[in-house]
Amino acid sequence: MDWYSTYDGSQVHRIEEAWSDAPTDNEELCGMLLDTARVQVVAYAATGEPLEQVVNLLERLGYPASKIAAVQAELGEDLPEIPPRYVFAQLMQAKNLYNAGRIVGDSIGPDGFSFVPRPLSKEIQKVIRPQSGVAHVW
């Protein structure tokens, strides 16, 4: 599973299939929304093993999958897969960011876009870090 992006035509088609209202007519805006959502998801995700931390850092910096694979080849270790729940959370957060940027009252920004920042909702946080049904007794 790979992150959503707008880097090429197949990626744009993929996001259109998953999100019918995606602003793909403005690929730059759509790409910024998806990248911002990805960074927010990665920042909130639980920290794992050292190799996973390297992957997270490369993802936060926006390196494409091909560059990350090159690092994998250089290190000679398998990089962990991106959990599907992270990709789903990215999509959900991108939608939230887009909806926050729609016209609010009379304030219209460039290209009819204004922005009200939206942190990760509790629902998205639970997708990223699922909670077990077991009570904590300590």
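The values are calculated or read from the model by the stated rules, or taken from the named source; none is laboratory data. Keep in mind the model is a prediction, meaning the values are calculated, not measured. Note: ideal-geometry Cβ built from the backbone for every residue, glycine included; neighbour counts use all protein chains shown. Note: areas computed on protein heavy atoms with side chains; ligands, DNA, RNA excluded. Shrake-Rupley method; radii C 1.70, N 1.55, O 1.52, S 1.80 Å.
May I ask you to list the residues in region 1-22 that are open to solvent by 60 Å² or more (accessible area, probe 1.4 Å), within 14 Å of LYS95 (Cα to Cα) and either of a type in the set (Lys, Arg) or assigned to a loop (DSSP other than H, G, I, E, B) (or both)?
Within region 1-22, SER20, ASP21 qualify.
Looking for whichever is hydroxyl-bearing (Ser, Thr, Tyr), more than 13 Å from VAL42 (Cα to Cα), exposed (fewer than 14 other Cβ atoms within 10 Å of the Cβ) and modelled with pLDDT under 60 here; the options are SER114, SER132, SER107, SER121. Which one fits?
Numbers: SER114 fails: exposed (fewer than 14 other Cβ atoms within 10 Å of the Cβ); SER132 fails: modelled with pLDDT under 60; SER121 fails: modelled with pLDDT under 60.
Step by step, each of SER114, SER132, SER107, SER121 is checked, and only SER107 is hydroxyl-bearing (Ser, Thr, Tyr), more than 13 Å from VAL42 (Cα to Cα), exposed (fewer than 14 other Cβ atoms within 10 Å of the Cβ) and modelled with pLDDT under 60.
Taking only pairs six or more apart or across chains, which ones have beta-carbon atoms under 7 Å, a first residue in region 7-32 that is among the small types (Gly, Ala, Ser), and a second residue that is open to solvent by 80 Å² or more (accessible area, probe 1.4 Å) and outside any loop (DSSP other than H, G, I, E, B)?
ALA22/GLU16
Take the residues in region 64-92 that are touching a Leu at 6+ places or on another chain (Cβ under 9 Å) and open to solvent by 80 Å² or more (accessible area, probe 1.4 Å); name whichever of them is modelled with the highest pLDDT.
LYS67
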